[in-house]
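Following: one structure in structure tokens, then a few remarks.
The values are calculated or read from the model by the stated rules, or taken from the named source; none is laboratory data. If you're wondering where the values come from, they're calculated on a predicted model, not measured in any experiment. For neighbour counting, all protein chains shown are included, and Cβ atoms are generated from backbone atoms with ideal geometry for every residue, glycine included.
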Amino acid sequence: MSDFFIAGSWRNRDAVLQVVGALERIGASTYSFVRTQYDDDASAFAAPGGADEAALDDPGIRKLFTQDLDALRVAEQFVLVLPAGAAAHIEAGIAFGLGKRCFAVGPVDRSETLYRIFDAMTADAADLVRHLETAGPPRS
């Protein structure tokens, strides 16, 4: 189990790593696609563009999906690092549906009504940490 599941985009990898680092510096445990170890079947797809042309029923894709979804289920909270693609936004919806406290970090291109799922939308990793330190523990 981890304190935070962090989702984002490979194109925004540096910002994802900044969030991972900021949370770990305050003692939180994290799970994120940019630092996760995958087995040989899944690792080929867990790279920038690795799954773009893959068949959805490929065993590696199935393993990648299962590993990430299992990690999302057991994480206490969720962070979406923006900008992010459709897959990361789907993960945000799953996290919200599971009753997790959800946060977004980064620039927002346009207002989306469904961004109401986020307990807070913060400008950057440091702003997220400040928010967490003042917001108190997760809701039960």
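Going through (1) farther than 22 Å from Met1 by Cα; (2) at pLDDT 95 or above; (3) of a type in the set (S, T, N, Q) one by one, Thr134 falls short only on (2).
Just the residues that are closer than 21 Å to Asp14 by Cβ and touching a helix residue (DSSP H, G or I) at 6+ places or on another chain (Cβ under 9 Å), please, taken from the range 107-126. First the steps, then the outcome.
Taking the range 107-126 first, the residues closer than 21 Å to Asp14 by Cβ are 107-109, 121-126.
The answer is Val108, Met121, Thr122, Asp124, Ala125, Ala126.
You will find that of Leu80, Leu64, Leu23, the residue that is buried (at least 17 other Cβ atoms within 10 Å of the Cβ), outside any helix (DSSP H, G or I) and touching a residue at least 12 places away in the same chain (Cβ under 8 Å) is Leu80 and no other.
Can you pull out every residue in the range 85-122 that is part of a loop (DSSP other than H, G, I, E, B) and modelled with pLDDT under 95? Don't jump to the end; show me each part of the working.
At the first step, the residues of the range 85-122 found to be part of a loop (DSSP other than H, G, I, E, B) are 85, 98-100, 106-112, 118-119.
Once the filter is applied, which keeps residues that are part of a loop (DSSP other than H, G, I, E, B) and modelled with pLDDT under 95, the range 85-122 yields Gly85, Pro107, Val108, Asp109, Arg110, Ser111, Glu112.
In the range 27-52, the qualifying residues are those that are loosely packed, with under 11 Cβ neighbours inside 10 Å and modelled with pLDDT of 75 or more, and the one that is farthest from Phe103 (Cα to Cα) is Gln37.
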